[in-house]
1. Output the residues belonging to the stretch 22-60 that are β-branched (Val, Ile, Thr) and assigned to a loop (DSSP other than H, G, I, E, B).
2. With respect to the numbered conditions (1) surrounded by 14 or more Cβ atoms within 10 Å (Cβ to Cβ); (2) at pLDDT below 95, which one is the sole condition not fulfilled by residue 121?
3. Filter the stretch 45-57 for residues that are touching a residue at least 12 places away in the same chain (Cβ under 8 Å) and surrounded by fewer than 16 Cβ atoms within 10 Å (Cβ to Cβ) and give the result.
4. Does at least one position in the stretch 78-94 carry a residue that is under 16 Å from the mean Cα position of the chain (by Cα) and assigned to a helix (DSSP H, G or I)?
5. Among the numbered conditions (1) free of Cβ contacts under 8 Å to residues at least 12 places away in the same chain; (2) closer than 16 Å to residue 30 by Cα, tell me where residue 81 comes up short.
6. Looking at residue 116, is it in a helix (DSSP H, G or I) and surrounded by 13 or more Cβ atoms within 10 Å (Cβ to Cβ)?
7. Being more than 16 Å from the ligand (Cβ to nearest atom), modelled with pLDDT of 90 or more and either under 16 Å from residue 120 (Cβ atoms) or surrounded by 14 or more Cβ atoms within 10 Å (Cβ to Cβ) (or both) narrows it down to one of 71, 30, 105, 40, so name that one.
8. Could you figure out which of (1) within 16 Å of the ligand (Cβ to nearest atom); (2) loosely packed, with under 12 Cβ neighbours inside 10 Å; (3) under 15 Å from the mean Cα position of the chain (by Cα) isn't true of residue 131?
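The values are calculated or read from the model by the stated rules, or taken from the named source; none is laboratory data. Every value quoted in this text rests on a predicted model; they were computed, and no experiment measured them. Positions of Cβ are backbone-derived with ideal geometry, glycine not excepted, and every protein chain shown enters the neighbour counts.
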Amino acid sequence: MSEQRRPVKPSHAADLPVERRRPRVLFGRALLRRCPHCGAKGIFTNWMALQERCPRCGLQFEREEGYFLGAYAINLIVAEFLGFGIVVLLLIRGDLSVLQMQILAVVLAVGLPFLFFPYSRTLWMAIDLIVHPPRGDRRPNAR
Ligand SMILES: [Zn+2]
């Protein structure tokens with residue numbers, strides 16, 4: 001009985017840049033408020049302010065003027081749908097008065113976009129890295 005090896009078929013996935021093969025890793029890092037490219041902590045100077053570049057990998061976060069417009073859209077969609085879902089859930093199951101519901105709705109409409117703001121930015125960067133991965137040996141967006 002001869003042992004024959006079947007030829008290994010070249011994988012298309014191996015030709016893809018690393019970032020295209022692992023969107024879950026990029027989204028996981030984004031949800032932890034880390035650099036989606038390298039996973040470094042401390043990319044925010046405070047809750048709202050993002051550093052210009054990643055302290056570890058040098059990724060320039062705002063690639064061009066208006067870059068974070070997509071992050072604002074993500075923030076608006078996620079926060080408002082989440083707030084709407086909470087209010088609808090409380091309408092169905094809750095025992096709050098109309099005034100209490102109105103106050104809660106306003107608090108959620110203002111608070112959720114604020115809470116989700118940094119995550120919307122890192123998620124947007126992760127999406128951008130999946131769509132436009134930095135090329136091979138260059139430092140990401142190094143000038
Ligand atoms: Zn980084």
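1. Taking the stretch 22-60 and keeping what is β-branched (Val, Ile, Thr), we get 25, 43, 45.
Correct list: 43, 45.
2. Going through (1) surrounded by 14 or more Cβ atoms within 10 Å (Cβ to Cβ); (2) at pLDDT below 95 one by one, residue 121 breaks only (2).
3. Scanning the stretch 45-57 gives 47, 48, 55, 56.
4. Of all residues in the stretch 78-94, those under 16 Å from the mean Cα position of the chain (by Cα) come to 78-79.
When the remaining residues are screened for being assigned to a helix (DSSP H, G or I), the result is 78-79.
So far as the stretch 78-94 goes, yes, one or more of its residues are under 16 Å from the mean Cα position of the chain (by Cα) and assigned to a helix (DSSP H, G or I).
5. (2)
6. yes
7. 71
8. Going through (1) within 16 Å of the ligand (Cβ to nearest atom); (2) loosely packed, with under 12 Cβ neighbours inside 10 Å; (3) under 15 Å from the mean Cα position of the chain (by Cα) one by one, residue 131 breaks only (1).
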